[in-house]
Amino acid sequence: MIFVVALVVLLPFLAAAAGLLASRLGTIREAPGNRAAYRRAAWFAIAAAAASLALTAWLALDLMRGAVPAGEGRPFWTGLLPGRLEGTLSVVETGSVPVAVSLRADGLSVLAGMLVVVVALAVQVYSVGYMRDEPRYPSYSAFVSLFTSAMLLVVYAGDLIVLYVGWEIMGLCSYLLIGHWWEDRANSRAAVKAFLVTRLGDVGFLFGVFTLGIAAGSFRIDDILRADIPTGTAVAGTLLLLAGVAGKSAQVPLQTWLPDAMAGPTPISALIHAATMVAAGIFIVARLYPVFLGAQPTLDVLGVVAAVGMLGAALAALAQDDLKRVLAYSTISQLAYMAAALAAGSDRAAMFHLVSHGAFKALLFLCAGLVIHHAGSNLMSHMGGLRTAMPVTFWTTTIGLAALMGLPPASGFFSKDAVIAAVEHSRGAAQPFLYASALLTVGMTGAYATRAWLRTFFGPARIEPLPEPPPGTAHVFDGREAPRSMLWPVGVLAVPALLLGFAGVREVDWGSAAVSLVVALLGAGIVYALWRGAPDQDPARMLGPFQAPCERAFYVDALYAALIVRPVLRLARGVVRTDAKVVDGAVRGSGRATLGLSTLVRLAQTGNAQLYVTGLLAGLLLIAVAAVVLT
């Protein structure tokens, strides 16, 4: 069965290769942008994703044999999927710690792998309509397939070095896809920013991998989990891993790249936010959770980061006008919830919310794409009154926002309650701060979700047909719902977004759930009251003088620009000047000195044979005279 795991990872990779190569067949003989090439690219991508989904389902059924109820404190995936598969393709001798090229499948990896392939398939089908007439669609779909393969490699890797390979390919693919519309400088800058910020965290992540691998004597995940790693080494290694987690999962202080990444196509936003690109950090902590439990200072740091990130991102989401940026800050906040659950000692709550969030956040981003496709703008100030023109989008978005707010019976109600209950019942010096921040964030989530719902679908219509879409917008207003290729994925994703939470209904802490529900409704009620009084005004005015700082995400980007970007640019300019004036100056100066010396030597090289003979005779005469005098 390990061959099945390898196929799950390999099929999207082969689709990427086929999409980049075979989809171009015939384009030299045919007109540029021919439909046949697009169809081939779409079929390669969709067929591979569908096959990976089918194989993942088969794998889940195989691991489900002998399933037992999950015990108290025991992750639910070990009860549902108790089986395990592992296989090693090769062992690379490094001279010290060997690297095992291996794959493993257990309950946790199959659960995350199912999320990846479901979202990837939905994105590939949705993109057929969203990216219609896009000149670079074949390369786009190929990079999505490569992205999917890299995420699956992270999920199923049995060795941390193999995992790191998939981790870095994910970063490369995100750079390529965020900058897909690179003609607009803002898009290319957003792609570069995402690449650099995540690479900054990856430096720490790589050193963390080395620290744990060398301490355990192996990079195999099972060996690391079984090893008796000293506490100090475990703390150092996990803190370094936490840098990579913060980068990939857009947590404080490396969260600034994710809102700007909305410059990419909306389906890519769904893939990044819902599958394991940003969830990869949470998945890594869950995968190595026994090591993190042995490094309590790391979990304390994670708890502080989560508390600051969840509330700050929720406040920023409340002030945004760009619908996709609202969802981007929402993702940062929801990932901080998962980090809070991990800090509170509950990896099961974190993974439950990760899967639930993956379903409803993919739904919300694809619905946002439908709205943008219809309105020709990302800004909610250009929307309004869309519920009658887009009934399917309205109801599916309502389901997604209800799950985001944690309203029953949507999935987010159950998964968010699991997180809140875990934080409430945890212990530690930071617990009161973390719990208070979580409850405040619940209220802010209800507020910004309700604001987005009202401004997009209710109130006066503000849509204006555009002659041409601005860069980063797929299509202009056409007065209709989106094509069926875009509606079907949305309809399918609405089902788990609504019903997935019932898998955890037996474990609901009804007291905690009631408190969080009241707080969410309170935030939603305040926004509704403000909107009801003035439907043409933005309810974000409730923030008062704090609206501008929240809209600018508390000026963190400006702070980084002042403390890091501008000093580095000044240093770079100084290096350039030093190179030009000192290093190149020395080279050019040596050249000028050689030319000057050659001018003096040239005086003796006139080409006059008589002068040469005269010089020769004069020299001989001087030698003869010297010989007579000296003897």
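Listing for the model above:
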quantity	calculated
Asp509, Asp347, reordered so the largest accessible area comes first (probe 1.4 Å)	Asp509, Asp347
Share of carbon and sulfur in the accessible heavy-atom surface of the stretch 565-631 [1.4 Å probe, %]	73
Positive-end extreme of charge dipole, the chain - chosen from Ala461, Val91, Val101 (charges on Cβ)	Ala461
Tilt relative to the chain, helix 107-130 - C-alpha long axis, 0 to 90 degrees, to 10	80
Rounded to 10°, Cα long-axis angle of helix 510-533 versus longest principal axis of the chain	80
Exposure of Val301 as accessible area (Å², to 10), given a probe of 1.4 Å and all protein chains	60
Accessible area per residue, Å², the stretch 490-618 with all protein chains present, probe 1.4 Å	70
C-alpha long axis of helix 185-216 to longest principal axis of the chain, angle in °	90
Highest to lowest packing among 527-540, 122-135, 553-566, 146-159, scored as the average C-beta count within 10 Å	146-159, 122-135, 527-540, 553-566
Calculated log₁₀ intensity ratio I(q)/I(0) where the Debye formula runs over C-alpha points of the chain, q = 0.08, 0.09 Å⁻¹	-0.58, -0.72
Inverse mean reciprocal Cα-Cα distance (Kirkwood Rh) of the stretch 477-631, Å	27.3
Tyr435 accessible area, 1.4 Å probe, all protein chains in place, Å² to nearest 10	50
Binned Cα-Cα distances of the stretch 346-398, short to long, each 10 Å bin given as a whole percent	23, 42, 20, 13, 2
1.4 Å probe accessible area per residue over the stretch 192-316, in Å²	27
Given charges at Cβ of Lys, Arg, Asp, Glu: the stretch 224-345 dipole, positive-most of Gly345, Leu335, Ala227	Ala227
Shape box of the stretch 195-267 [Cα atoms, principal axes, largest first, Å]	45, 23, 15
Fraction of accessible area attributable to carbon and sulfur, the stretch 180-283 (%, probe 1.4 Å)	67
Most positive-pole-ward Cα, Leu242, Thr599, Pro408, against dipole of the chain from beta carbon charges	Thr599
Heavy-atom accessible area per residue - the stretch 379-438, 1.4 Å, Å²	36
Accessible heavy-atom area order of Ser109, Ser346, highest first, probe of 1.4 Å	Ser346, Ser109
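The values are calculated or read from the model by the stated rules, or taken from the named source; none is laboratory data. Computed from a predicted structure; not experimentally measured. Note that each Cβ is placed from the backbone with ideal geometry, even for glycine, and that neighbours are counted across all protein chains shown. Ligands, DNA and RNA are excluded from the accessible area calculation, which covers all protein heavy atoms including side chains. Shrake-Rupley method; radii C 1.70, N 1.55, O 1.52, S 1.80 Å.
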